[in-house]
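Below is one structure, written out as structure tokens; comments come after it.
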Amino acid sequence: MGDQDATIRKILFSCLLAGIIIAVGDFKILSFFKSNAWVLKGDVYYLLRIGGSMWTWLLISASIALAFPRSDSASPLRLRVERGSVSLKMAAISICLSAGLGGLIAEFLKLIIRRERPIDQEVYVFRAFSERAWSTSGLGLPSSHAAVAFGGSLALITIFPTLRWPALGMAIGCGFTRISSGAHYPTDVAAGALVGCFANYLAGLWLRRESWKHNRTSK
């Protein structure tokens, strides 16, 4: 999985660089996207937005698992990973794991950072810990949709590298829809993308562990 890992590292670096650039003009970028929201409307908007839904990744994972139900140890449909191999069923589970972890980590960070969604385009608003301490409703940093979208997309790229551009397009597009709708600042989305990268790293560790276990038991 060396090539896939290199791709993930490039994406992570790009997210960090984009986050730094976005942070400088957070309010201006938000204003631009909101005033040009017509670019993402109708079917295109909803097609991209569902990339941040856990239901989307459950459907994709189930489709992969059901399409290749017999990827046993002798099957060419098994995936080669570090020190072993895993079935496509296990790889499909890793997609759900990556997307799900991205969403959960993002929700947890919202409770800590407590920055609210865009209200005034010139001022950040932070919620006091004494106010709805355990509710993430109305909190935006990081974007859970972006975290789920990037977590799922990066896991899909890990399994099927040839899908890197459609997968990345869906994740980035999902981020754009969250900004153009006024639901998130650009920095919310950039932070969500970083969370998705981290979630994919954790899911990758689990996938490698499964490959090592299979390699030991098959000897």
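Each reported figure results from applying straightforward, stated rules to the coordinates on display, with no laboratory input. None of these values were measured; they are calculated from a predicted model. Virtual Cβ from ideal backbone geometry, glycine too; neighbours counted across all protein chains shown.
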Q. In what sequence, highest mean first, do 130-136, 57-63 appear when ranked by Cβ atoms within 10 angstrom?
A. 57-63, 130-136
Q | Ellipsoid semi-axes in whole angstrom, largest first, where each is sqrt(5λ) of the Cα gyration tensor of region 99-201 | A | 26, 15, 8
Q: Kindly rank 199-206, 169-176, 44-51 from highest to lowest mean number of other beta carbons found within 10 Å of each residue.
A: 169-176, 199-206, 44-51
(Q) Order 150-163, 100-113 from most to least packed using the mean count of other Cβ atoms within 10 Å. (A) 150-163, 100-113
Q | Stretch gain in nm, segment F108-S130, where the contour uses 0.36 nm per residue and the Cα spacing is subtracted | A | 6.3 nm
